[in-house]
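Enquirer: One structure follows; several queries about it will come next.
Every read-out reported here was derived from the displayed coordinates using simple, explicitly stated rules and does not represent laboratory data. Predicted model only: the values in this text are computed from it and were never measured. Glycine gets a Cβ as well: all are built from the backbone with ideal geometry, and neighbour counts include every protein chain shown.
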Amino acid sequence: MQPYIIKQGDYLALLAFKFGFDADTVWNDPANADLQKLRPDPNMLCATDVLYIPDQVSKPPVTQSVTTGTANTFVTNPPTVNVSLKFTDAQFASQAYTINELPELTGLTTQADGTTGFAVPVSQGTVTLVFTGDGTTFTCSIGWLDPITTISGIVQRLQNLGYLDPAGSFGLSTLDVIRAALQTFRSAQPGAAPASDPSPASASPPSNANPTPSSPAPVSAPPSGPPPSSGSKPPPSSTAPGSSPPPSSPPPSSASSPPPSSAPPSSEAPPSSAPPLSNPPPSSAPPSSDPPQSSAPPSSSRAPSVPPASAPQSNGGAPPSSGPASTSSSQADNAGLSDNGTLDDATTQLLLTAHGS
């Protein structure tokens, strides 16, 4: 067995086809036990993960006689994977569409709830879905969705759902922005309790629906990918194999804007507005030993500036501010996202339920 370093867009079924090994045998090999524990879904890996695959042996090239001066046809039949998508905007329910790269797929229509699915060759890295009614286009890269246990995976899902700018770049340096998006997302979920200290949003919540991935099928549904290469809407996310789709954006290119930076909260207490006493009377009570409570860092005002990559919630609320809070409310103000970039179990489940895998 030899180590193979996972790249963006890799997933087990694709690698098995590419390197000619049996996916189940390799995944269950003791050499991959640690990776199995880290990534329960072999079709949702993360760049820099290490997968041990069989040593590659040089094989003689396949020869086939060709005739000069005439057309010679070569045919390959790669295995397929299933892609599942869900569009939350009602305008995309029960609508016919085509896949540019796979013209042989016909009669494709979304269900009444906006879900749809189709099979694509495992060698197909991108699909472009076009609604025949108005030409709205979504581009999806298969196998690009990172695990939700990574900060990039959290960001991708929020971008796909419309709570973060699909063209933006976010990470540990912009946790305040991601937390604001998570607060907005949580407040939009059915039965969500109102935020403890809401503040006006700097931008309205997503109202233009894009596709969000439905519950994923491990090997059959690759995740969403980079921004659409054409069309006015952002790409849908697909639920299936692959490590993770990069944030997709409505514009054709996949260029991402630099990560937003938010000003660090000041650690000093604001000056008192009352003039100081020139000779204040001594207090009979001993001074408190408790240190002054500092204000919680302000919530970032950054909000999605364009429709989500895959399926924005149309009823999302404005991101609440994390202004001064008590100990209990300050815990809630981190939106379930710790400083090391991991989500708590409750927020993880909410995000998985809304986005799908």
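Enquirer: Can you work out the Karplus-derived ³J(HN,Hα) for every residue in region 349-355? Use 6.51 cos²θ - 1.76 cosθ + 1.60 with θ = phi - 60°, whole Hz, and x for glycine or proline.
Expert: With coefficients 6.51, -1.76 and 1.60, one gets 5, 4, 5, 5, 5, 6, 9 Hz.
Enquirer: Then there is this: Per-residue HN-Hα couplings for region 103-109, Karplus 6.51 cos²θ - 1.76 cosθ + 1.60 at θ = phi - 60°, whole Hz, x for Gly and Pro?
Expert: The phi angles translate into x, 6, 7, 10, x, 7, 8 Hz.
Enquirer: Please report, in debye to the nearest 20, how large the charge dipole of region 2-53 is about its Cα centre when each Lys and Arg carries +1 at its beta carbon and each Asp and Glu carries -1 there. Kindly include the intermediate steps, with their values, before the conclusion.
Expert: On the way: 4 positive and 7 negative charges, 30 e Å.
In total the dipole reaches around 140 debye.
Enquirer: OK, next. Quick one: grab the alpha carbon gyration tensor of region 27-163, order the square roots of its eigenvalues as a ≥ b ≥ c, and give me rounded if a/c is under 1.5, else prolate or oblate depending on whether a/b is larger than b/c.
Expert: Values: a/c = 2.75, a/b = 1.10, b/c = 2.52.
Cα axes put region 27-163 in the oblate bin.
Enquirer: A follow-up question, please. Choose one of G20, P30, A47: the residue whose Cα lies farthest towards the positive end of the charge dipole of region 2-53 (beta-carbon charges +1 Lys, Arg; -1 Asp, Glu; about the Cα centre).
Expert: Of the candidates, A47 comes out farthest on the positive side.
Enquirer: Return T353, T342 ranked ascending by Cβ neighbour count within 10 Å, so the fewest neighbours appear first.
Expert: Details: T353 10, T342 15.
Ascending Cβ contact count within 10 Å gives the list T353, T342.
Enquirer: Sticking with this one: Could you list Y4, Y97 in order of exposure, starting from the residue whose Cβ has the fewest other Cβ atoms within 10 Å?
Expert: Values: Y4 17, Y97 21.
The order, fewest Cβ neighbours first, is Y4, Y97.
Enquirer: Give the long-range amide H neighbours of G9: residues separated by 5 or more places, or on another chain, with amide H under 5 Å away, using H modelled in the peptide plane at 1.01 Å from N.
Expert: Residues meeting the amide H criterion: S243, S244.
Enquirer: Using Cα centres only, tell me the gap between region 1-70 and region 114-140 in whole Å.
Expert: 25 Å
Enquirer: Sticking with this one: What net charge do the residues around D146 carry, taking every other residue with its C-beta under 15 Å from that of D146, with Lys and Arg at +1 and Asp and Glu at -1? Could you put the intermediate results ahead of the total?
Expert: Details: positive: K7, R39, R157; negative: D10, D41, D49.
So the surrounding residues net to 0.
Enquirer: Going by how many other beta carbons lie within 10 Å of each one, how would you line up Y52, Y163, fewest first? List each step's numbers first, then the result.
Expert: Values: Y52 17, Y163 29.
With the sparsest Cβ surroundings first, the list reads Y52, Y163.
Enquirer: All other residues with a Cβ under 13 Å from the Cβ of R39 taken together, and with Lys, Arg as +1 and Asp, Glu as -1, what is their net charge?
Expert: Values: positive: K37; negative: D10, D34, D41, D49, D146.
Here the count lands on -4.
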